[in-house]
1. Please verify whether B:Leu139 is at pLDDT 85 or above and among the hydrophobic types (A, V, I, L, M, F, W, C), treating the condition exactly as stated.
2. Go through (1) under 28 Å from A:Val360 (Cα atoms); (2) buried (at least 24 other Cβ atoms within 10 Å of the Cβ); (3) among the hydroxyl-bearing types (Ser, Thr, Tyr) and name the single condition A:Thr108 misses.
3. Any idea which of A:Leu124, A:Leu107, A:Leu115 is within 14 Å of chain B (Cβ to nearest Cβ), part of a helix (DSSP H, G or I) and either of a type in the set (D, E, K, R) or in contact (Cβ under 8 Å) with a residue 24 or more places away in the chain (or both)?
4. Residue by residue through segment A:279-292, note down the ones that are more than 13 Å from the chain's Cα centre (by Cα), in a helix (DSSP H, G or I) and within 14 Å of chain B (Cβ to nearest Cβ).
5. Identify the single condition in (1) modelled with pLDDT under 80; (2) at the interface with chain A (Cβ under 9 Å from one of its Cβ atoms); (3) out of contact with any His (no Cβ under 9 Å at 6 or more places or on another chain) that B:Leu164 does not satisfy, given that it satisfies every other one.
6. Identify, please: which residue in segment A:152-165 is facing chain B (nearest Cβ under 7 Å) and either touching a residue at least 40 places away in the same chain (Cβ under 8 Å) or of a type in the set (Gly, Ala, Ser) (or both) and is, among those, farthest from A:Ile194 (Cα to Cα)?
7. Against the definition (at pLDDT below 80 and exposed (fewer than 13 other Cβ atoms within 10 Å of the Cβ)), how does B:Leu121 come out, yes or no?
8. What residue, of A:Arg134, A:Arg90, is away from chain B (no Cβ under 12 Å) and either at positive phi or basic (Lys, Arg) (or both)?
Amino acid sequence: MVLALTGQRDSAREVNVAFSLGTFVATCVLTVEVISGGPLFAWSREFYIDPLNVFLVTLTAFVGLTTAVFSRPYMRVEHDHGKMTPNRMRLYHSMYQLFSFTMLIALTTNNLGILWVAMEAATLTTVLLVSVYRTPASLEAAWKYFILCGVGIAQALFGTVLLYMAAEKVIGIEGGALLWTNLDAVKARLDPSIITLAFAFLFIGYGTKVGLVPMHNWLPDAHAEGPTPVSAVLSGLLLNVAVYALLRCKVLTDGALQSHLAGQLMMAFGLLSVVVAAFFLSRQKDVKRMFAYSSIEHMGLITFAFGMGGPIANYAGLLHMTVHSLIKSGIFFAVGHATQKAGTQNMADIRGLIKVSPTVGWGLMLGSLAILGMPPFGVFASEFLILTTAMREQPWATPFLLLALGVAFASVFSRVQPMVFGDTSVKPLRHPPALVPVFAHLGLGLMLGLYIPPYLDAWYRQAAQMIGG
Amino acid sequence: MTELVGQLINLLAAILLMLSFAMISQRRILSLIHLFTAQGMTLVAATVLVGYATHQPHLYVSAGITLALKVILIPLLLYRVINRLDVRWDVETLINIPMTMVIGIALVIFAFNLALPISKLSVSVARGTLGIALACVLLSFMMMITRSKAVPQVIGFLSMENGLFFAATSATYGMPMVVELGIALDVLVGILILGVFMFHIREEFDSLDISHLEKLKED
């Protein structure tokens, strides 16, 4: 299985890439199996793969692979700048692998308790990754990240305890009352009052991790101060995994409550995130911070979509998860090269990328256009679906969404434009940047915007069906 | 017999709550660690009792883990950290102590009300204690907010974990074994990382005062 392939101690960049490649290949095999053979169990039903998580598993492994490819030249440059010592390099690589490993466990496990444990472990590894430079700012970001997410995720544990308590009465102690498949089977008989409280705690807990607005404080700091490959995986993958955890809980809650409470909560907080993040976007000076806020905005949009429920909104939410994580990590790759060239993350000082390195410049430009929802890219398709569904089902929310998307467009575009086309006098770096990942991601994002292959389409539909509404 | 055990568990729960209050009113770091150890011990006793009353052998195992981790290992680690860093005092709290006590009482009432409908449904012997567990979680949460130094924040974090663990034992018969092991591992790794962090923060900022950590603000 996937798990056997993830090593822990490797000091070389190449090994890092190789391991990620191995994981990716393994997940591809797994995907093919699930598509042809239906849901799979492993290890006495502790692991469970169904259409919903298998697509996230593949996505995670793919972005993990490209990020490893990207981080090779990136880390080489950091090493030359003296920011990374060999020890830190080793820490970075082992934590990187451990991080992908915990994310894969979180995605594939059938046990909601293990899901929590894996999420917490992913938090711990990323805390180390964020603080890898050991600068005051990165320590501060990591401490904040640890405390906020630690507290948040402790709430999720309380929610899990309550869920277990409700399940135990129906299933009994021996029956594996935390296994999601068992819970799903009996969800209509779970006690509504316990489940309401449990979902409230789970929502606060995993919502912190998703970066929903009142609990979003850690996210921009962690993204801005960590190494750029880490920002890419945080934004592209970890947030997705948190959304996935939330979704699993939502399915159970909907089944138990026979009401739309979970969806309403998700819509409210999702909408709030979209609007608040859009306005914060316009005030940022640091390029990575800006794109971190853009992640909050998109996560809000995704949460909103799943909150609306129904086959179309779920479909759009899943599609948006995919394209967001592809394009956002692509942007972070481009931003990583750009900041290394300019030697700063301050947007006012990054100018004229198109002259220094046309490919990085174009990558950043196209990526930004893509993430802002310009037509040929996939984000447009999913945002369009979300908006039209919102118009039909929740018309009150549409003006807010449109306003937020407009503000986001204006603020991001006006900043990226001078960064790419302005005047500059910076010399190129010694190591050639890894641009394959940037364009691979953008290309995939483009493809998903123009044409979704039928098997992928069927897969999304199946998953959307599962989430229900 | 079960009656007696139930009473004992309620007593232990009350002690746990008392200890939580003692923690928020305590200014000295060393005493905080002592209180944390006492809290761990109470937790072990409660877990063993529930295990005995319900004939759940795996609760003994989890009591053992708690004993090793929260009564022995983590306090030792914390002692070493404060010795090496030479911080004994924690005079400042962000709100004064009587005020925190009043807020604490309000929190407890809130927690009891929240847990009331649910604890009626619990099947465990310790059903009355879910409210107390929730109250402990909220109190530790408040402790983390009101303290400005790193070590008390960490102790608050750990004591919150204690509250959660107590909730798991009182609301159900404890979580499944795999999950409990995983949680214990996470806590251990977390505390190690935090310990290392304290040294780094000390190096970079010359102090363990978290209020130095506010450069990353929205401007």
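1. Considered against the rule, which asks whether it is at pLDDT 85 or above and among the hydrophobic types (A, V, I, L, M, F, W, C), B:Leu139 comes out as yes.
2. Of (1) under 28 Å from A:Val360 (Cα atoms); (2) buried (at least 24 other Cβ atoms within 10 Å of the Cβ); (3) among the hydroxyl-bearing types (Ser, Thr, Tyr), only one is false for A:Thr108: (1).
3. Going through A:Leu124, A:Leu107, A:Leu115 in turn, just one is within 14 Å of chain B (Cβ to nearest Cβ), part of a helix (DSSP H, G or I) and either of a type in the set (D, E, K, R) or in contact (Cβ under 8 Å) with a residue 24 or more places away in the chain (or both): A:Leu115.
4. A:Phe279, A:Phe280, A:Leu281, A:Lys288, A:Arg289, A:Met290
5. Unmet condition: (1).
6. A:Ala154
7. Here the answer is no, as B:Leu121 does not meet what is asked.
8. Answer to the selection: A:Arg90.
The values are calculated or read from the model by the stated rules, or taken from the named source; none is laboratory data. Owing to the predicted nature of the structure, the values given are computational and were not obtained by experimental measurement. So basically every Cβ, Gly included, is an ideal-geometry build from the backbone, and we count neighbours across all protein chains shown.
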